[in-house]
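A.B. asks: Dropping a structure here in structure tokens format, bear with me for questions.
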């Protein structure tokens, strides 16, 4: 075969610096159009660009010689420079999320990207992002908040995850103490265990 054919369809999401509302509604169509032009100038096929004041979604098709990181870097760097040139104090946050898209999903993803303002009348960016991570099997809270301050809801989710991890480690320590026949400190350890458990429904007794 003398030619190379690829279908690298990706749904890319990235936020403004610290997830601040830096893109006013009246400027969004111009920014999305400019980002599509950036892609065209680099042989990156932009199928859809959309978002709201604090983040952007891009559905793109990568050429075979273009790494994803390079494509996203160009989109963010050049669009950020343009925003500052027109008088906005603007920056994208470091990092991004990218999810593969099947050919049969293209129409629905384009509709999703183009309807971002309507979608976010009911859903925050944080809840949307967690939903995307869960949908694609990436549900560990710690990967959601690598850069920038965490919103209160996400911090709570992280705290619950951390408490359960500490609870699991404490359970291992308790089993080790019982195996060593040193039950004298188990009562205190059990009290600590109760303090560390996340708030929620009571645990069912072991069968």
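A.B. asks: Using a/c under 1.5 as the rounded threshold, could you call region 1-132 rounded, prolate or oblate? The axes a ≥ b ≥ c are square roots of the C-alpha gyration tensor eigenvalues, and prolate needs a/b larger than b/c, oblate otherwise.
C.D. replies: Oblate is the answer for region 1-132, as a/c is 1.5 or above yet b/c matches or exceeds a/b.
A.B. asks: Simple spin-label model, 7 Å along Cα-to-Cβ: residue 91 to residue 135 in nm?
C.D. replies: 3.0 nm
A.B. asks: Can you put 100, 124 in order of Cβ neighbours within 10 angstrom, beginning with the fewest?
C.D. replies: Ranking 100, 124 by Cβ neighbours within 10 Å, fewest first, gives 100, 124.
A.B. asks: Here's something else I'd like to know. Once both labels are modelled 7 Å past Cα along the beta-carbon direction, what's the residue 43-residue 8 spacing in nm?
C.D. replies: For residue 43 paired with residue 8, the spin-label model returns 1.1 nm.
A.B. asks: Something else now. Taking the DSSP beta bridges in region 1-133 as the whole, what percent of them are antiparallel, to the nearest 5?
C.D. replies: Percentage antiparallel, nearest 5: 100.
A.B. asks: Could the peptides 42-51, 103-112 be put in order, highest first, of the mean number of other beta-carbon atoms found within 10 Å of their residues?
C.D. replies: Result, highest mean Cβ count within 10 Å first: 42-51, 103-112.
A.B. asks: Ok, one more. If you average the sequence gap of Cα pairs under 8 Å that are 6 or more apart and divide by the length of region 8-149, what percent do you get for the contact order? If you can, show how the numbers build up before the last one.
C.D. replies: Working: 189 pairs, mean separation 46.0, N = 142.
RCO, region 8-149: 32 percent.
A.B. asks: Further, regarding this structure: With the calculation restricted to Cα positions, what are the radius of gyration and Dmax of region 1-55 in angstrom?
C.D. replies: Over region 1-55's Cα set, Rg and Dmax evaluate to 14.4, 49 Å.
A.B. asks: Round to the nearest 0.05 the FRET efficiency obtained for residue 122 and residue 21 when R0 = 30 Å and r is the Cβ-Cβ distance.
C.D. replies: Once rounded, the FRET efficiency stands at 0.95.
Read-outs: derived from the displayed coordinates by stated rules, not from any lab. Only a predicted model underlies this, so the values are computations on that prediction, with no experimental measurement involved. Note that each Cβ is placed from the backbone with ideal geometry, even for glycine, and that neighbours are counted across all protein chains shown.
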